[in-house]
Structure formats: structure tokens, C-alpha cells
């Protein structure tokens, strides 16, 4: 029974060899066309010249190296591939085009940026070289394109690097001018203030107060920073301790940081008092203020305890180390808080004293601070401006031309190389198209194709008949390979009927022209040669051909018997082959299918089986007409003939489906007209030069008893059909 769907096709090395052998002329033609096109292109190609320039890119070393002032602040190295793209950019090629147009009249070259870009090919030569190749049909243009593109790239590279220093210089010049104007404005304000207020030397009068204020402010800021750091450290340690476990907190006497700070401030105030007393009289306001400060600090020190109760922690065994750090951090926080409080107290006193100073003094100090800041910034920017101007003056690009193009070289296309390349391409395309055509082609060519797409039993393979003998090779050329193939087919049919005997056979095909009628005639002759009584019925009532093959008239036949004009025995026509009689189609009826489906046709078949050992029917193609399926339902076995190279997988599947629906018993399939000229199929057949089988006497065959006929069949199977058995087993 046939498979419902085609099994996947797996191509092996023999399949590829077969494909190449089958389509060798197609491959050779495609290859020849490819070589012809390649040769014509090589001969007609334009002569080109190529010139080469080399540019080196000096990259700065990467890693931990000393960086000079010139290189500081420069952008990182640009990849060599990026430089290669920049060479072919429109900016560089446009500059090269302008340089070429600026040459003297006798050397001037007019070329657009796009033309130069199309002529360039830039590649990277590791680690730091750019190869600029320019190709042109004009020798001189190729040379100039390569050199002037290199010059333009070096110039653009220098401009890009100098642009950084130029931008920095211009920015610094604007800043210097701005701060110079500010310094002049502040000096004018101070001059006007001194003239209006009448002070001769304000600094000598307010210097001490301002110094004290600045010192205490710095001390207060320092204390604040220490306090913030200590609190942050304490919070961090507590967070770490919290993740590790609990701890016990207690109190213990500890030095009072506030007392320590007041003690230090008192000592410093007394020293300042002594200095003032050595310079001024006891009634001087500064001396009096300092005495008041000493007394205030002494009073606060007397009221402040020297020791305080501070938190103490008892370390958890799991967190002993962290608890110690937390304790130390807590002490540091207390000390920092005490210093902040002391500094804020002292600073508050100084600020109170500053409030009592004339507003003129504070205004003067503000002007002085502004002047100092503006002057410092002005001087710093002037130094940076001098450095930027020096850097701009000495700035150089990191690209330079190391090898200019001297003499362009001719690029000559090798005809041999072009032909070899075209040969390879044509061969590749030819082989690829051959395999593609083979994959798209569902035509059955070989036994492997047939077995891949169908489960039908292969009864035999008939080679393509190439000699001058007629279609009845079993009569005209009994020693030919085709005749031997029909005898092998006869033997294989007998093997297939070993446990299921049959006497009526229908031979058909999927389409017309596949050789079913010739196969039917030769099979009938081969069966008759084996000593059987055979009747060949031409049931193709549309285009009968059996009477033409055997050269007998066709005035009477199947149609006459079915309609009752004569009996079967009267309609039979003897042939020149002993034991073989022919029942031709007779007159062509208007309704062949109805005639074959009638009960009269069934009776004719029964009568035929009583007159011969085997009855073989030739029918129309099965796919196009219903005649074959109608007959198949009435006969014992059906044999399908498929022509190699013509029948498709779909047609074969349609045949199987039709006969399966008609409940016909398909004995097998015969692969007909197989070409055996190639090396792939030589093992299917042998030329039997020593073949000496002679047709048996029809008279003896017809007169022999049943037991004698069986004996004769066994002799046939043991002698002339022995080779058919070997082929089948192979």
C-alpha cells in the first residue's frame, strides 16, 4: 500500500554524483557562460592607476605616565578606524579639492569632494599607520588625490588640536578683563570711602578685632566639622553594633570637655591681655575689653565642673571590639560638642564687640576682602592665560605624512585570474542550480526515487530500448537487455503470487505515453514463452494499440463480445507467439466506461479465465479516465507502469488513491524506460550474451497436462529466471 505522504528525501554522496552526472551539460553551459562573461569583463575593463601615501598617528601612551602641561586636559586617543573614516570624510576631501584648485594653472586639478571620496581607500596598518590609496584612470590624478588628501588630513588634525587651546585662551582673556575691571572698581570705592570718612589708617585700628573674629570663626567652623564627623562615626558604629547584638549602657566620671576648652580659652585671653597691657594704657578700650573677657571666662570656668558623668558601655561578648569603638566615638562627640559650645560662646562675645564698631570699619573690611579676592583671581587668571598662549603657540598635530606617493602603479586585471574566478563562480552557480532544480523536481527517475515516495512493491525495471528492434523486443530481440527485463518481470510476478494465486491482471499507468501497452504486450509474450496459455485483452476502448503491435485486424473484439454479437472464442485472434491469443478492442464505442462496468463485461472476464491460464488486460491511463479503476475492481491484480523521468510523485499518489478507493488489489509497479547509460544504474541489468532460452512449442504447451505445465514452470524458474531472482534479492 502506498504511503499517504512522501517520505523526506535525504541526499547522499551517490545522489549528488547522480545529479552532477545527469545535469552535467547544464553545469558546463552555466560555467562556460560565466567564464565568457568574466573574460569579456576582464578584456573590457578600464586601466587604472593607484598611488599610496602613508600617515602616522602619534598616539599618547595609555596608563600611569607623567603628563606634561601641553598634554594635560587633552581628550583621549581616537581609534585608528575613526581616523580612517575622517580621512574619507567630506570635510577632509573638500579641503583636498580646494588645495588642488589652488595649484598653478599648469598643474591645477578640478575635482569634487565626492570624486575624491570615490577614488580613496583608507586602511589601518597596525599599530599607528594609515594607508591612503587613490585609484583613478588618470595617473596624475591618482598621485595628487593620495598626497593632497594626506596633507588635508594632517592640516585638519592640527586645526582640531589647536582649536582646544584657542577656545581656552579666549575664555581666559574674557575672565582676566572682567576681574581687572572689578579690581579697578573696588579701588575706586575704597578711595572714595577713605576720602568721605576721614580715616587715615583704618587697618591699624580694626586689625586686632578683625583678627580675633576671624580666628574664632575658624575655630567654631573647625569644631562644627569635628562634631559632624564624630556624630557620623558614632551613628555608623551604632548601626553596625545594632546588627550584631545588644549592649549595656552605664555612667562614669570623665573629664568635662567644656571645662578643658574654657581653661584653654582663659589662658589664651590672659596672654592677649598681657600683650595689650604692654602696648596700651589701662584705660584703652581694647585693654578693658580684654580684661572683661578674661573675667567672664574665669567666672564661667569657676561655674563649670571639671568632671562630668559620661555614658559608659559594657561590651557584649559578641561585640566587644565595636562597643569599644562606640564608647570612644561617644567621648569624641561629647568633646566636639563642648568645643563647639565654647567656640560659639567666645565667638558671640567677639561678635557683640564687633557690633559696637563703626559701620565704616565693617564697610572698609568688606571692601578690602573683595579687593583681595578679586586681585588674587586676577593674578591667577593672568598666569593661566600666559600658559594657554604658550601652549597654543607650540601646539602641534599628532598626524604627519611619513611617505608621499611618488609614482602610481598600474592595476592590471589578470585575464587568467578573471577566468579562473569566473570558472569557480560559474561552477558554483551551475552546481547550486542543479541541486536546486533537483530539489524542486518531483519527477521519479530512479528506483530510489520510487521507493522513497511509494510503498508499492517494485516488480521490475525495464531499460530504455535503444536498438533498432520493434516494440515487441521479446519477439524481435529476445537476447536484448529489455527482453531479459520482461522475463525478470515475469518471474517477479510469479514470486509475488506464490501464496496468492491470480489469473486476471490489469496493466495501466498514471498518464499516457508511459509505455503501458508495450509493457503489456511484452509481458504477455514472456508469459506465453514460459508455456502458459495467455490471452491479451485490449481494454483501451478509446485508443487501442495492441492490434497494431501484433499486426492483426481489429474489426471485432471486446465491444462485439460485450454487446453479444459473438462469443469470446469467436473474437479471439491468434498471434505469431505460440500460446498467446489477442482479444482486440473492436469498434470504438461511445460509452467505454459504461461498457466496461456492465455485467456483460464481468461475464466476459469469467469466460476468458476458462479459456486460458492467464488473462492480461491493457487499459487506458488511470488518472485521466475511469476505465482502469472500473476494470481493476473486477480483476484479480493490478500492475502500474511508471515511466522513468515522466511520472511525478503526485501522479503516482493519485493512482494509488484511485485504486485504493476502487478496492483494487495492486500487485506492484514497473519502472519503465529507465536510462542505463550512466554509471548509477549499470548494476540493475546485465547483458546476457550466453542467453539461449528458446520459446517453447505452443502446441506442446497447450497439449500438456496440468502437472506437466507445473513441471515446465519449475524448470523456467530454475534456469532462465534464476537471474531475475538474484536481481530481486539484490
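The values are calculated or read from the model by the stated rules, or taken from the named source; none is laboratory data. The structure displayed is predicted, hence computed values, not measured ones. A quick note on method: Cβ atoms are made from the backbone with ideal geometry, for glycine too, and the neighbour counts reach across all protein chains shown.
Among the residues of the range 476-488, those that are in contact with a helix residue (DSSP H, G or I) (Cβ under 6 Å, 6 or more places away or on another chain) and crowded, with 21+ Cβ neighbours inside 10 Å comprise 482, 483, 486, 487, 488. For beta carbons closer than 6 Å, sequence separation of 6+ or different chains, a first residue in the range 519-530 that is farther than 20 Å from residue 671 by Cβ and a second that is part of a helix (DSSP H, G or I), the qualifying pairs are 530/716. So which of 575, 559, 520, 508 ends up being more than 30 Å from residue 461 (Cβ to Cβ) and in the same structural domain as residue 642 (by TED's automatic domain parsing)? The unique qualifying residue is 559. Just one of the listed residues (639, 647, 669, 616) is in contact with a helix residue (DSSP H, G or I) (Cβ under 6 Å, 6 or more places away or on another chain) and within 24 Å of residue 458 (Cα to Cα), and it is 616.
Taking residue 53 as the residue in question, decide whether it is part of a strand (DSSP E or B) and either modelled with pLDDT under 80 or exposed (fewer than 15 other Cβ atoms within 10 Å of the Cβ) (or both).
No; evaluated as a whole, the condition is false for this residue.
Among the residues examined, residue 310 does not qualify as surrounded by 12 or more Cβ atoms within 10 Å (Cβ to Cβ) and at pLDDT 75 or above. In the set (1) surrounded by fewer than 18 Cβ atoms within 10 Å (Cβ to Cβ); (2) in contact with a strand residue (DSSP E or B) (Cβ under 9 Å, 6 or more places away or on another chain), the condition left unmet by residue 638 is number (1).
For the range 562-594, the set of residues classified as without any contact (Cβ under 8 Å) to a residue 12 or more places away in the chain and under 13 Å from residue 550 (Cα atoms) consists of 574 only.
Among the residues of the range 532-542, just one is modelled with pLDDT under 90 and either surrounded by fewer than 22 Cβ atoms within 10 Å (Cβ to Cβ) or over 19 Å from residue 589 (Cβ atoms) (or both), namely 542. Residue-level check: of (1) within 20 Å of residue 408 (Cβ to Cβ); (2) more than 38 Å from the chain's Cα centre (by Cα), residue 101 misses just (1).
Among 243, 212, 204, 197, which is the only one that is modelled with pLDDT under 75 and under 60 Å from the mean Cα position of the chain (by Cα)?
Values: 212 fails: under 60 Å from the mean Cα position of the chain (by Cα); 204 fails: under 60 Å from the mean Cα position of the chain (by Cα); 197 fails: under 60 Å from the mean Cα position of the chain (by Cα).
Matching residue, one of 243, 212, 204, 197: 243.
Scan the range 584-599 for residues that are in contact with a strand residue (DSSP E or B) (Cβ under 8 Å, 6 or more places away or on another chain) and under 15 Å from residue 634 (Cβ atoms) and the total you get is 0. Exactly one condition in (1) at pLDDT 90 or above; (2) buried (at least 24 other Cβ atoms within 10 Å of the Cβ); (3) not in a helix (DSSP H, G or I) is not met by residue 522; state its number. It fails just one condition, (3). Consider residue 269 carefully, then state whether it is out of contact with any helix residue (DSSP H, G or I) (no Cβ under 9 Å at 6 or more places or on another chain), within 25 Å of residue 217 (Cα to Cα) and modelled with pLDDT of 80 or more. No.
The numbered conditions (1) modelled with pLDDT of 90 or more; (2) surrounded by fewer than 24 Cβ atoms within 10 Å (Cβ to Cβ); (3) closer than 25 Å to residue 624 by Cα are all true for residue 554 except (1). Checking each residue in the range 649-670 for being closer than 16 Å to residue 485 by Cα and assigned to a helix (DSSP H, G or I) picks out no residue at all. I'm checking my understanding of the structure. Among residues of the range 498-518 that are assigned to a loop (DSSP other than H, G, I, E, B) and touching a residue at least 60 places away in the same chain (Cβ under 8 Å), which one is farthest from the chain's Cα centre (by Cα)? For the range 498-518, the residue satisfying everything is 503. Are any of the residues in the range 7-15 in contact with a helix residue (DSSP H, G or I) (Cβ under 7 Å, 6 or more places away or on another chain) and either modelled with pLDDT of 75 or more or assigned to a loop (DSSP other than H, G, I, E, B) (or both)? Checking the range 7-15: at least one residue is in contact with a helix residue (DSSP H, G or I) (Cβ under 7 Å, 6 or more places away or on another chain) and either modelled with pLDDT of 75 or more or assigned to a loop (DSSP other than H, G, I, E, B) (or both).
To keep it simple, each residue is scored yes or no on (1) closer than 14 Å to residue 130 by Cβ; (2) assigned by TED's automatic domain parsing to the domain that holds residue 154; (3) modelled with pLDDT of 85 or more; (4) not in a helix (DSSP H, G or I).
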{"position": "81", "(1), (2), (3), (4)": "yes, yes, yes, no"}
{"position": "86", "(1), (2), (3), (4)": "yes, yes, yes, no"}
{"position": "91", "(1), (2), (3), (4)": "no, yes, yes, no"}
{"position": "94", "(1), (2), (3), (4)": "no, yes, yes, no"}
{"position": "103", "(1), (2), (3), (4)": "no, yes, no, yes"}
{"position": "106", "(1), (2), (3), (4)": "no, yes, no, yes"}
{"position": "110", "(1), (2), (3), (4)": "no, yes, no, yes"}
{"position": "115", "(1), (2), (3), (4)": "no, yes, yes, no"}
{"position": "118", "(1), (2), (3), (4)": "no, yes, yes, no"}
